[in-house]
Amino acid sequence: MVIYAYLRVSTDHQDLHNQRHGILEYANIHALSPIQFVEDTVSGREKWESRGIGQLLMETATASDVVIFSEVSRMARSTLQVLEMLSCCVRRSINVHIAKQGMVLDGSMQSRITATVLGLAAEIERELIVLRTTEALAKRKAEGKILGRPKGRQSAHLKLDAREAEIRKYLDKGISKRSIAKLIDCSPSTLYDWLERKHLHPRHDKLVERV
């Protein structure tokens, strides 16, 4: 049996210290040692499965191993993610201890009942998110608001502006636009869009600017 302790890393160093302190205090009381600390950088853009905690719960930790969290609020950014993580642990027979709440999920009958409830709660939460999103979109549509990304003014400065002289030189030499895209390491569509927005068109193997 291996004992892991999860630390959610953020810009608040005091918070990281408090997490570690809470876990060590809990581990000493319950004779859980030695502990392997796993630090995971918080990212709101990534799902928990693709972060360090995902690797720990789905690959590193095995049946009968223990994972200690300092408190529920330090596990993830949303209720749904917390439910999914706990369900994953119970499904893989990983024992979970949440220090602050004194919560334990192990192989007991109570844990199996809890796992069923957690799975149901996660499913309900997913359905509610879909429902809220659908209702919000329907409301915006009924109010005549444009759905999707607003069509604002095009940016005055484009990614390829800094390479305009280089692109002109390649076009003057009669190099195809697809080959130019490879030379400047960008997708052909990006180059085509840039040429169109700059009103630049080859004519008689020379690049001229349309007025």
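The values are calculated or read from the model by the stated rules, or taken from the named source; none is laboratory data. None of the values given here were measured: they were computed from a predicted structure. Cβ placement follows ideal geometry from the backbone for every residue including glycine, while neighbour counts extend to all protein chains displayed.
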The listed residue being part of a loop (DSSP other than H, G, I, E, B) and touching a residue at least 24 places away in the same chain (Cβ under 8 Å), out of T11, T62: T62
Test result for A115, among the small types (G, A, S), assigned to a helix (DSSP H, G or I) and modelled with pLDDT of 80 or more: no
Which listed residue is within 20 Å of the chain's Cα centre (by Cα), in the same structural domain as S93 (by TED's automatic domain parsing) and of a type in the set (D, E), from E25, E71, E49: E49
V96 being in contact with a helix residue (DSSP H, G or I) (Cβ under 9 Å, 6 or more places away or on another chain) and surrounded by 12 or more Cβ atoms within 10 Å (Cβ to Cβ): yes
Selection status of R74, at pLDDT 80 or above and surrounded by 14 or more Cβ atoms within 10 Å (Cβ to Cβ): yes
Condition check for S87: assigned to a loop (DSSP other than H, G, I, E, B) and either of a type in the set (G, A, S) or closer than 26 Å to E123 by Cβ (or both): no
